[in-house]
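Right, one structure below, let's go through it.
What follows draws every value from the coordinates through simple rules; no lab data is involved. A quick note: this is a predicted structure, and the numbers were derived from the prediction, not measured. Neighbour counts run over all protein chains shown; Cβ positions are idealised from the backbone, glycine included.
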Amino acid sequence: MTRRKIIPATTPSTSSVDTDATLERTQANLARQQEGSYQDATSRPPSLGQPLASSPQVNQTTQLINTELLIPGRGEPQNRMTVILQDGKITSVLPTSSVPPPFKKLPTTNVPVLLPGLWDCHTHLLGATSFNFSELLTTSPPALAGARISRNVHDILMSGFTSIRDLGGYAIEVSQAIEEGSLVGPNIYSAGAAISQTSGHGDIYDLPSGFVTSCLGVRDTQANAFAPATGPLLLADGVDECRRAVRLLTRRGAKCIKVFASGGVLSIADDPQRQQFSLDELRVVVEEAARAGRVVAAHCHGKAGIMAALHAGCHTIEHGTYMDAECAELIKEKGAIYVATRTIVKVGIDHPELMSPESYRKMVETAKYHRAAYRLAVKAGVKIALGTDLGISTPTTHPLALGNSGGELAYAVTDGGMDPLAAIEAATARGPEVLGHLGMAPKSGQIVVGYDADLIALAANPLADMDLFKNPKNITHVWKAGRLFKSPTQAA
Ligand SMILES: [Zn+2]
């Protein structure tokens, strides 16, 4: 995605503003919306004209947000600005002093600080209550998982995250329920299942191999609820199965592809330092994904996996625990993006009860290297997007539960060494970029004319205190596609 100049600030003229009757209808509509109805999105009237930036017409969705401090996602903050929303998009960004008088009659929200909605670029909507992967095939059947996730997606949106990229879980199906209006939640861009080799990070070592393959393999050899490619993990071996895995996932509705290019921590028996999948297998995943307009996210800890994933053309490197200067240079050369997932490392180490002893030992070991890798990448100028790797579906009182993504912004500063504005850019403008340039990335993550009206407000300036993001209570307002989902007078 190319860098855009922020704040075009096209000042609307007053010459053809619609009638007072239209303004009254608009006010009445917004008043209804702010009473808390989530169900009126489909009953919006047709647009009355061009976006406000090019033509100053309004309709019943037009609304203003005045803010003391606008943090645009990319570029410098600005004081005393007004953002105008219409039909789910940002249609104007201008100094509050330049708002023409007729627009001052429109529904207006005043907030101290306004930002683009946040992106968590690495989640797992699994509906599980532990990190033991065997739970996915034994005690958390899909319906139970879905019921738990329905709370998680609500909590994610209320914490200010208007978009997530999910890298293995049931997010494709859940996003359908959100889009239908059955659930309140963020925009979801999901990989569906994460692709693993047999004896890889996505294999489940405490269950018999035949059972795991029958549930999670790419061949529909046995009738069961998971096969093929409908669960959170997908086993594939050899280039033909890897190609089929990608095709099954695009068929399911994946917006990106996730592959395990090294061993992992939460799997029981593999080594995070070892590469997984051959270069040929990784290449066919990238090629097949690209043919379908998708880019590939690569889970990798060890250097061999990082280098192989980059040489194969993977677009994002997840975790990157053993990254060195050579890896960082190759990430830059390839135009790839690093997602450090600091939250799982920093918070996970306090919760051995959620994982097997083998996994906990690996977590302690990898945690020794992760912070240095993150700092190295930031210092080297690698493009960074923020992701947490959260995937526990217990209520948000648990620090590892979905809905606690805000800490990642604070850790980007304290642990990654980013400055606060760069950390906010990594959690906003950089978010859509993880979906690549092949057609899956939305126009969002920045307060710019023509972008999705996904916005959040805070009562205080996060540039002075990044810990504000840790507590969802500090997120006073959440708009998704121009609809107000959270405000101080609206139940969360
Ligand atoms: Zn993950």
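Remarks
- Taking the stretch 357-389 as the range and being in a loop (DSSP other than H, G, I, E, B) and touching a Leu at 6+ places or on another chain (Cβ under 9 Å) as the test, the residues that pass are VAL382, LEU386, GLY387, THR388, ASP389.
- Checked against the criterion of being closer than 27 Å to SER130 by Cα and aliphatic (A, V, I, L, M), the candidates ALA372, ALA401 yield just one match: ALA401.
- Taking the stretch 350-372 as the range and being within 16 Å of the ligand (Cβ to nearest atom) and over 23 Å from SER150 (Cα atoms) as the test, the residues that pass are HIS351, MET355, SER359, LYS362, MET363, THR366, ALA367, HIS370.
- Hits in the stretch 97-125 (condition: over 30 Å from ALA422 (Cα atoms) and either touching a Ser or Thr at 6+ places or on another chain (Cβ under 6 Å) or not in a loop (DSSP other than H, G, I, E, B) (or both)): PRO100, PRO101, PRO102, PHE103, LYS104, LYS105, LEU106
- Here ALA410 fits the description: farther than 21 Å from VAL265 by Cα and in contact with a helix residue (DSSP H, G or I) (Cβ under 6 Å, 6 or more places away or on another chain).
- Members of the stretch 242-301 found to be of a type in the set (Gly, Ala, Ser) and either within 16 Å of the ligand (Cβ to nearest atom) or touching an Asp or Glu at 6+ places or on another chain (Cβ under 8 Å) (or both), listed by number: ALA254, ALA261, SER262, GLY263, GLY264, SER267, ALA269, ALA297, ALA298
- Any hit, the stretch 249-261, residues being surrounded by fewer than 17 Cβ atoms within 10 Å (Cβ to Cβ), on the phi < 0 side of the Ramachandran plot and in contact with a Cys (Cβ under 7 Å, 6 or more places away or on another chain): no
- Restricting the stretch 315-335 to residues that are farther than 16 Å from ALA304 by Cβ and crowded, with 24+ Cβ neighbours inside 10 Å, the residue that is farthest from the ligand (Cβ to nearest atom): HIS315
- Boolean, ALA412 is within 17 Å of the chain's Cα centre (by Cα), assigned to a loop (DSSP other than H, G, I, E, B) and aliphatic (A, V, I, L, M): no
- The single condition among (1) more than 12 Å from the chain's Cα centre (by Cα); (2) among the hydrophobic types (A, V, I, L, M, F, W, C); (3) more than 16 Å from the ligand (Cβ to nearest atom) that ALA429 does not satisfy is (1).
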